[in-house]
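The next block holds one structure in the form of structure tokens; read it before the comments.
Read the figures in this text as sums done on the coordinates, not as results from a lab. Keep in mind that this is a model prediction, so the values were computed, not measured. Every residue, glycine among them, receives a Cβ derived from its backbone with ideal geometry; neighbour counts consider all protein chains shown.
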Amino acid sequence: MRDRISAFIVVFVVCATAVALYALSLPGTYKYVAFMKVERSSYLNIRLDWMYSIYVIFVVAVILRYVWIFWEALRGRSEADGTAESERAP
């Protein structure tokens, strides 16, 4: 029981930190990518906002992933095997 509580605390701290940092960086990241529409790549002649927009998608995906990990920890499920603590054999 004590290991489960300490594991939950670690998961909570890591998830909260990751979500907070990525969420704080998201508005600035979006503004920077939107600003890049004035530039074009030299060889491909593609607008740089199109090239860097994948990073905004990545940041949103990371935020959603850490929220999902935290939710699974609240439910008592393990990331490694997808089973709940009560379903495991001793």
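How large is the helix-only mean residue ellipticity at 222 nm for the chain, computed as the sum of -39500 (n - 2.57) over DSSP H runs with n ≥ 4, divided by its residue count, in deg cm²/dmol to the nearest 500?
-25000 deg cm²/dmol
Based on Cβ point charges of +1 for Lys and Arg and -1 for Asp and Glu, what charge dipole magnitude is obtained for the chain about its Cα centre, in debye rounded to the nearest 20?
The calculation lands at about 280 debye.
Within the set of other residues whose C-beta is less than 12 Å from the C-beta of V33, count the net charge using Lys and Arg as +1 and Asp and Glu as -1.
+1
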